[in-house]
Each structure stands twice: as C-alpha cells, then as structure tokens.
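The values are calculated or read from the model by the stated rules, or taken from the named source; none is laboratory data. Predicted model only: the values in this text are computed from it and were never measured. Because the Cβ atoms are built from the backbone with ideal geometry, glycine has one as well, and the counts that use them run over all protein chains shown. Areas reflect the complete protein model, heavy atoms only, side chains present, ligands, DNA and RNA absent. Shrake-Rupley method; radii C 1.70, N 1.55, O 1.52, S 1.80 Å.
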Amino acid sequence: MKNFSSVQESYRLLPVFTGIFTGVLILSNILAAKITQLGPFVFDGGTLLFPLSYIFGDVLTEVYGYRQSRKVIWTGFFMLVIMAVNIWIISVLPAQAEWTLQEAFDSILLQMPRISIASIAGYFAGEYSNSVVLSVVKVKTGGKWLWVRTISSTLVGELIDSILFVTIAFAGVYEWPVLLTMIFSNYIFKSAVEIVFTPLTYAVVAFTKKIEGTEVFDYGETYSPLPKF
C-alpha cells in the first residue's frame, strides 16, 4: 500500500462518491421541507438521509485526504445553489392556464432556497469541523483507531451543523421551544446513525483503500476551507 502526503493521481471510485454525496445532499434538502415527529423528537425529513453525507465525508477524508474531500464538498455546495436558483426561477415563471398547482408548488418548494442556504451554512461549518478533526486525529494516532476519529469528528461537526441549519432554516417559522427540540433531535439522531453505522464505515473505508491502493495522511496541511486544485 502506498503512502502519499498529497494526492497526485486520479482515483477510480472518487467520481462515484462525488455523485452519491451530491445526490444525498440535494435529496436531503428537498425532504427537509417536511417536519416530522416521532414521540418526543421533532426533526425535518432530511434528517433521515442527511447522516449519510457525513459518513461519505468521513470516507472521503480518511481515504483521499482533506484536500480531495474539499473539492467534493464544494461540488455539492454549487449544486445546492443551482437547485435553489432554478426552483426560484420556475416559481416566478407564469404557469400554464390549466395547471392549478402553483400554490402547492410555492408552499413546498419555495422553502428550498432558505433551506439550501441553511444547509450550506450548517454543512460548510459542520463538515469543515468534521474533516479537520478526523484528519488531525488520524495524523496524531498514525492511522489507528478509525472509530475514535469518525465518532469524535461527528460529535463536533453534527452539533455545529444542527444548530446553524435549524436556526437559519426555521427561525421565525416555529417557536423557539420547537426549534430547540429540533436541534436536539437532529443532533442525537444524526450522531446515533453515524455511531451505529461505524461497522459499515469501516467496511467502505477498507474496500475503497484496497481498490484505490492508497493511504493519505495530511502532513503539513493548513486546513483552508477553500478547495485547492
């Protein structure tokens, strides 16, 4: 197995992970338009799917390194912006006379631009923290104890993400007791999913490292949030 402090070759599975990651990010934002409740827990619909983006984020940073993960994450951000802008454009275009669903379209999908902004802000800060913690801990431990860095990075990243996303997306729409319940519910659920899925993360990481034949350690990384090409 080869060691690289920086990535200088193309990878076979990286485009696949980029596509899946971007799809999960966009779909979770659409599902977030519905607020659901299970017992005492209140959360947006995207909460059920969104933890997968963090799992893929862990795999990206673990296998390909911090710089490659930044490129994938920024790709997802740009697609969120494109989605939000296009939803707004379609909403303001005049409807065909026999199409009677304009009000329903607006009431659901016009939440998307605000939700997308909230997702971008929350995920940018949360995933940045997640990637940095995972990368730093990997270097410090010499690549040992994957579960320590995936769980610790998730606990930090998901907390920041949940606070920013819920506040930006739903402040003024729901009362603060409901918002605090949503933040708590999102954080507990997302973190629990990542912990439960730790064996799956191990399997995907091992499989990907075997296919790619690489192991990246971010020695000397400055951890700029911007992508580097």
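Out of all Cα-Cα pairs in the stretch 1-93, roughly what percent, to the nearest whole number, are more than 16 Å apart? Above the 16 Å cut-off, the stretch 1-93 has 62 percent of its Cα pairs.
Here's how it looks for Val42: its modeled amide H is under 5 Å from those of Ser185, which are all 5 or more places away or on a different chain. In summary, the helical segments of the chain meeting the span-like criteria, namely a full DSSP H run, a Cα extent along the axis of 20 angstrom or more and a mean Kyte-Doolittle hydropathy of at least -1.0, are 14-31, 66-92, 112-141, 146-170, 176-196, 198-212. Summarise the accessible area of the stretch 39-180 (1.4 Å probe, protein heavy atoms) by the percent that is carbon and sulfur. It is 75 percent, rounded to a whole number.
Under a Gaussian network description of the chain, with springs only between Cα atoms under 10 Å, the residue in Pro113, Pro15, Pro40 that fluctuates furthest is Pro40. With 0.36 nm allotted per residue and the present C-alpha distance subtracted, the Ile20-Leu155 stretch has 46.3 nm of extension available. The stretch 171-229 and the stretch 13-73 have Cα centres separated by 8 Å. Per-residue ellipticity at 222 nm, computed for the chain from helices alone with -39500 (n - 2.57) per DSSP H run of at least four residues, works out to -23500 deg cm²/dmol. When the chain is treated as a Gaussian network with alpha carbon springs shorter than 10 Å, the biggest mean-square fluctuation among Asn29, Asn86, Asn186 belongs to Asn86. With a Förster radius of 35 Å applied to the beta-carbon distance between Phe184 and Ser224, the computed FRET efficiency rounds to 0.65. How far, in nm, would the chain grow between Ala192 and Ser10 when pulled straight, counting 0.36 nm per residue and subtracting the alpha carbon separation? Length gained, Ala192 through Ser10: 62.2 nm. The gain in end-to-end length when the Ala203 to Ile168 segment is fully stretched comes to 9.1 nm, 0.36 nm per residue minus the alpha carbon separation. Heavy atoms of the protein chains alone define the surface here; on that basis the chain has 49 Å² accessible area per residue at 1.4 Å probe size.
Across the stretch 85-229, the convex hull enclosing all Cα atoms gives 179 Å³ per residue. With contacts taken as Cα pairs under 8 Å at a separation of at least 6 residues, the chain carries a relative contact order of 33 percent.
Considering all C-alpha pairs of the stretch 17-154, those separated by over 24 Å amount to 40%.
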